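Derivation of every value follows stated rules applied to the coordinates shown; laboratory data play no part. Please read these numbers as outputs of a predicted model, since none were measured by experiment. Note that we place each Cβ from the backbone using ideal geometry, even for glycine, and neighbour counts take in every protein chain shown.
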Amino acid sequence: MRAVDVALPVPLSQTFTYRVPDKFAQAAQFGARVVAPFGSRKLVGVIVAAYDKLDDTAGGAELKPIFSMVDDGDPAIGKDLGEFLMQLAAYYFAPIGEVMRLALPPIEKETAALLLEPSLFPEAARGLSPRSVQWVTALSASESDVKLTARDQAVLAHVRAAGAIPVAHLLGRWKSARAQVKKLAAAALVAIEHRPMPEAKLFASEAEREPMPLLTDAQEHATREISKRIESGEPATFLLHGVTGSGKTEVYLQAIAAVREQKRGAIVIVPEIALTPQLVARFRGRFGGDVAVIHSELSPRERRAMWDQLRSGKVDVAIGARSALFAPVRNLGLVVVDEEHDPSFKQEEGVRYHARDMAMLRAHRVGAVCVLGSATPSLESEYLSRQSKITKLELPDRARMQQMPSVEIVDLRRTDAGPTGDKRLSLPLHRAIESTLASGGQTILFLNRRGFAPSIRCIACGELAKCPSCSVAITFYRRRGGIVRCHYCDYQAPAPNRCAKCKAGGLVFEGLGTEKLEDTLQMAFPTARLARLDRDVVSGKNVDEVLSRVRRREVDILVGTQMVTKGHDLPDVTLVGVINADAALSIPDFRASERAFHLLVQVAGRAGRGDKPGHVMVQTYNPDHPAIGFAMKHDVTSFLRHELTDRAELNYPPFARLALVRIDAADESEAEQAAAHIAGRARTFAEKLELDVLGPSPAPIAKLRNRYRFRVLLRSAHRASLRKVVALLEQERTKFPREVRCSIDIDPVQLL
Ligand code: ADP
Ligand code: ZN
C-alpha cells in the first residue's frame, strides 16, 4: 500500500501519515499539495515523504486516505526548496506545516471551493488544477424537457444575461449554485468549461532603462570575486561592506547578470520593499520584466501569477522583503541580502526565522553564492568574516567620489535652545536648517517617535497614562480634537482630560513626536515646505510619492522616523539632523548600542550624496558614547572591534548562542508558574550542558493585549547543548494549561 507523510498547517511539529488511493499514485510525490482529512476538517497540506509500500501490519490498514490532490504532476514545492524548509523547521523547532506554508502560493477562493467538494464535479476532480477557473456558458438551446425550479431559472437567467460567468460568481449569489449548474448542464442549457487563469498584470510601468556605469576599481574587484565563485558553481558567502553611496547595488546587478549568464536564477531580499522604490526601479531598469517584485500590496491572484512565472522559470529574478527568500526561483544561483544588518530580517511572529541566516543556508544547500551587503555589517556577519567562514569585500569610497559628510555632535548638556525655546531644536541645529534653506539645500530630520507627544502624565500624582490592555504609555495625537493610541495594539480613544488614577485634571503631554516636530518647524520656518515620512502618514504606496516630491525639490525639510534612514538616494539633501540620538541607546537590549550605531550611520549616509558636500548634526546628552563617537568618524571598523570586545566580555552573541522561551497567558500567575517551571527544568541540565539560564523574568513589556508575558533566556557557547535543552523543554509545553502559550525563539533578535 502507498502512503505519504503530510505536513499540515497546524501548530504541531509532527507530520501525519495517509494512505494514497491508486488514482493519486502518480501525483503523490514529495512537495505536492494534498487535501487531507484532519479530525472533522479537511486541510491542504504538503507531502514531505512518500512510501511505495507501507506494511499493512504496521498499522497501515487503518490509515485514512488522502482526499484529493491539489498538484497534479508538478509539485508546488520543488525538492531543493522543500528540503531547505525541512531543515529550517528543524533548526527553529518550528511546526513543519507552518514552515511549508511560507513557500506555498495562495489558493484562490474558487479553487478552494472546488478542492473541498470535488465529488460534485467529477471532471473538475480530475483536472484539479488551480491554474484554471471553472466557467459556465449559456448554450443556445432555449427550451428543454427538464422541469426547472424557480431557483434553476434564476441561475439560468443570470448565466444567459452574462453569456459566460465563473462558477465562483454564481456561488457568491446562490449557495446551491453548483446543483443548479449541474442540472442545467445535464439539460444542455449551459456548458461547463475550465478556462486558464487570466495572467495577472505583474509589472506596473516599465522602468526607465539605466545606462550601466563604468565600475569603480573597488566595484570591479568585488564583482570579479563574486563572479568567479558563481562560475565555479561552488557555494560561497560574501560580506560586501561598502560605505553609504559606494555603489553596492551596482555590484548586486553585476552579480545577477553573471548568474543569469549561467542560466540560473537570483533572489534579492531587502528590509522593506515598500521603502525602497528606488532600488526596485534600478533592478527593473536593468532587467526589465525578468524581475518579479514581491510586495504586500499584491492581490492573491497577482502573487499566484508571480509564483507561477518563477516556478516555470519564465522569470528568474525575485526581489522582495524577507518572505521572498522562499520564492520558487528555478536553479537558484545567487541570493543577495541588502542591508543585512537590518533587524526586520527576523520574523517576529509565527515561524521566527532570520532571513539573513536562512539565505546563507538556502544558498549553501544548492551551491549558490550568497552576498550580504551593508554599510554597517552586523556583528554576526563581521564575526563570521573574522573566522574566515565568509569573505569580506570592501567598497571604501563613495562611487562618485563624493566626500563623506562631516558630522558634528551637539552636546545638549551645554547647548541652548534655538528661537523656538525648545531645546530639542537647539540653536546650532536651528541655524544650520536656516542656512540650508537659504542656500536652497534640503534637510532631513530624524526622530524615532511617532505621534505628537509620546506620553501623557498627571501633574498631580505623576501617573503615566497607559494602554488599557498593554503595559506601555499611550501616544497622543493632535488630530480630530486629540486622540490617544497604543503603538502595540489597536487601542485608540479620545484623549483623556483627567488622570485615570487620581482624577485630577492637570495632564501634561511629554516628549516630542514627529507630528509635533513638524508643527514646531512650520512655526519656526513659515515659508519652508515640509513633508513627513512615518508609519502614520504613509502606507507602502505613498512612500514613493513622498520621496518623489523630495526628489522633485518640492520639499525643503523632510521629517521622519527610521523610514528616512533607509537607502534613499536624494542628491540635494545637504543637512541631516538627528534630534535625539539617545533614544536608541536607552532600549534594554544588549544590541542597543549596535542598533544606535547602525541608525546613525545610515541616516548620516543620506547627506551629501549629490555634488554638494553634506553635513550631519547629532543631538545627544551622551557625546562620549562609543556608538555616537565612532559613527561621527564613519569608523565602522573600530566600532565593530569595540563592540565585539564588549560582547565577548559579556558572553553575548556572536560569542554565545541564545534561545528565548516566551511564555504568556491571560492569567498572570499561570504565566508566571509556567515560566518558573521552564526555568527550573532548564536549570537541571545547566551544569552538565554548560548552559546559563537567565530568568524567569517579566518581559520588558510585561503585558501586551491583555496577556502577561514572561521569559526565560538560555545561553550557551555550544549550539548542540542549547539544542538538546530546547528539545527537552519543548516537550514540557504539553503540561501547561491550554491557554498558556509558550514559544521558542532560536537566535532571538528582539528581547521585548
Ligand atoms: P549604496 O547602495 O552602496 O548606498 P548606491 O548603489 O545607491 O550605493 O550608489 C550610490 C550612487 O552612486 C547611485 O546614484 C548610483 O547610481 C551611483 N553609482 C554607483 N556605481 C557607480 C559608478 N561606478 N559610477 C558612477 N556612479 C555610480
Ligand atoms: Zn495596547
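Overall, the ratio between the Cα radius of gyration of region 132-196 and 2.2 N^0.38 Å, rounded to two decimals, is 0.99. The protection proxy used here, the mean number of other Cβ atoms lying within 10 Å of each residue, ranks peptides 418-426, 506-514 as follows, highest first: 506-514, 418-426. Taking the 0 to 90 degree range and rounding to the nearest ten, how far is the long axis of helix 636-650 tilted relative to the main principal axis of the chain, both from C-alpha atoms? Result, in degrees: 80. At full extension, residue 175 and residue 522 could sit 119.2 nm farther apart than now, given 0.36 nm per residue minus the alpha carbon distance. The helix-only estimate of mean residue ellipticity at 222 nm for the chain, built from DSSP H runs of length n ≥ 4 each weighted as -39500 (n - 2.57), is -9500 deg cm²/dmol after division by the residue total.
For region 657-746, relative contact order (Cα pairs under 8 Å, six or more residues apart, normalised by length) works out to 46 percent. Among all the lysines, which ones have a C-alpha under 19 Å from residue 688's C-alpha, if same-chain residues fewer than 8 places away are not counted? Partners found: 724.
If you plug the beta carbon distance of residue 186 and residue 323 into 1/(1 + (r/R0)^6) with R0 = 45 Å, you get a FRET efficiency near 0.50. Computed from Cα atoms, the angle from the helix 719-732 axis to the main principal axis of the chain rounds to 60 degrees.
The mean sequence separation of alpha-carbon pairs under 8 Å and at least six residues apart, normalised by the residue count of region 2-109, gives a relative contact order of 34 percent. Taking every alpha-carbon pair under 8 Å whose residues sit at least 6 apart, the chain reaches a relative contact order of 10 percent. Value of Rg to Rh for region 2-109, rounded to two decimals, is 0.95; Kirkwood radius and Rg both from alpha-carbon coordinates.
Return the tail of the calculated pair distribution for region 696-752, meaning the percent of Cα-Cα pairs more than 18 Å apart. Counting every Cα pair in region 696-752, those more than 18 Å apart make up 41 percent. Expressed in Å, the radius of gyration and Dmax of the Cα atoms of the chain are 29.2, 96. The lysines whose alpha-carbon is closer than 20 Å to the alpha-carbon of residue 703, local same-chain residues fewer than 8 away aside, are 466, 501. The alpha-carbon of residue 263 sits under 28 angstrom from the alpha-carbons of these lysines, leaving out residues fewer than 8 places away in its chain: 79, 201, 228, 248, 314, 389, 392.
How far, in degrees from 0 to 90, does helix 150-162 lean away from the longest principal axis of the Cα atoms of the chain, to the nearest 10? Orientation of helix 150-162: about 60 degrees from the principal axis. Sorting the segments 431-438, 659-666 by their mean number of nearby beta carbons within 10 angstrom, highest to lowest, gives 659-666, 431-438. Here the simple spin-label model places points 7 Å from the Cα toward Cβ, and for residue 51 and residue 471 these points are separated by 4.9 nm.
The largest-to-smallest principal axis extents of the Cα set in region 217-395 are 45, 37, 31 Å. Dividing the C-alpha radius of gyration of region 657-746 by 2.2 N^0.38 Å, with N its residue count, gives 1.02. Please grab the % of Cα pairs in region 472-587 that end up more than 22 Å from each other. Across region 472-587, Cα pairs with separations above 22 Å total 45 percent.
Modelled spin labels at residue 624 and residue 262, positioned 7 Å past Cα toward Cβ, are 5.2 nm from each other.
In plain terms, the bigger the Kirkwood radius, the slower the diffusion; for region 568-623, with that radius from Cα pairs, at 4 °C and 1.567 mPa s, Stokes-Einstein puts D at 108 µm²/s.
Here the gap between residue 694 and residue 529, fully extended at 0.36 nm per residue and compared with their Cα-Cα distance, gives a gain of 54.3 nm.
Note on residue 497 and residue 401: the extension gain reaches 29.0 nm, defined as 0.36 nm multiplied by sequence separation minus the Cα-Cα distance.
Among 174, 135, a tally of other beta-carbon atoms within 10 Å of each Cβ gives an order, fewest to most, of 174, 135.
Each peptide in 391-402, 703-714, 5-16 receives the mean, over its residues, of other Cβ atoms within 10 Å, and ordering these scores from highest gives 703-714, 5-16, 391-402. Rounded to the nearest 20 debye, the dipole magnitude of region 132-196 is 280 debye, with +1 charges on Lys and Arg beta carbons, -1 on Asp and Glu beta carbons, and the Cα centre as origin. Modelled spin-label separation between residue 417 and residue 676, with each label point placed 7 Å from Cα along the Cα-to-Cβ direction: 5.0 nm. Label region 375-522 by shape, choosing from rounded, prolate and oblate, from the square roots a ≥ b ≥ c of the eigenvalues of the Cα gyration tensor; if a/c is under 1.5 it is rounded, and otherwise prolate applies when a/b is larger than b/c, oblate when it is not. It is oblate, given that a/c is not under 1.5 and a/b is not larger than b/c. Here region 247-274 is scanned for amide nitrogen atoms under 20 Å from the site 7 Å beyond the Cα of residue 220 along Cα-to-Cβ, giving 247-258.
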